[in-house]
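The values are calculated or read from the model by the stated rules, or taken from the named source; none is laboratory data. Note that the structure is a prediction, hence the values are computed from the model and not measured. We place every Cβ from the backbone using ideal geometry, glycine too, and count neighbours over all the protein chains shown.
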Amino acid sequence: MNLDELFAVLDTSGDKQISAEEFLKGLQGKSSLSDEDIADLFRAVDIDRSGALTIDELRQELKNINAAIILQ
């Protein structure tokens with residue numbers, strides 16, 4: 001699944017944003033992360049602190065992670 005497909009799955013309202021609730025519901029039971037860890041991850045990716053994630057924020061965060069991996 002690519003990032004666009006993942007975003008579409010998590011964006012259950014179809015408003016081109018992923019709310020904290022959508023993010024939590026989308027990841028619950030599909031990862032070993034606790035609800036608190038999922039909330040922390042959401043806050044870390046919510047670059048503009050709007051309370052919702054956009055596809056651009058997700059892309060930027062993935063670029064940051066890739067850059068960090070390369071620099072290790």
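Worth a mention:
- Residues that are surrounded by 11 or more Cβ atoms within 10 Å (Cβ to Cβ), modelled with pLDDT under 95 and over 11 Å from the mean Cα position of the chain (by Cα), drawn from region 10-36: Gln28, Ser31, Leu33
- When the residues of region 46-58 are filtered to those that are farther than 16 Å from Val9 by Cβ and of a type outside the set (Gly, Ala, Ser), the one that is surrounded by the fewest Cβ atoms within 10 Å (Cβ to Cβ) is Arg49.
- Region 14-51, residues that are in contact with a helix residue (DSSP H, G or I) (Cβ under 8 Å, 6 or more places away or on another chain) and of a type in the set (Gly, Ala, Ser): Ala20, Gly26, Ser31, Ala39, Ala44, Gly51
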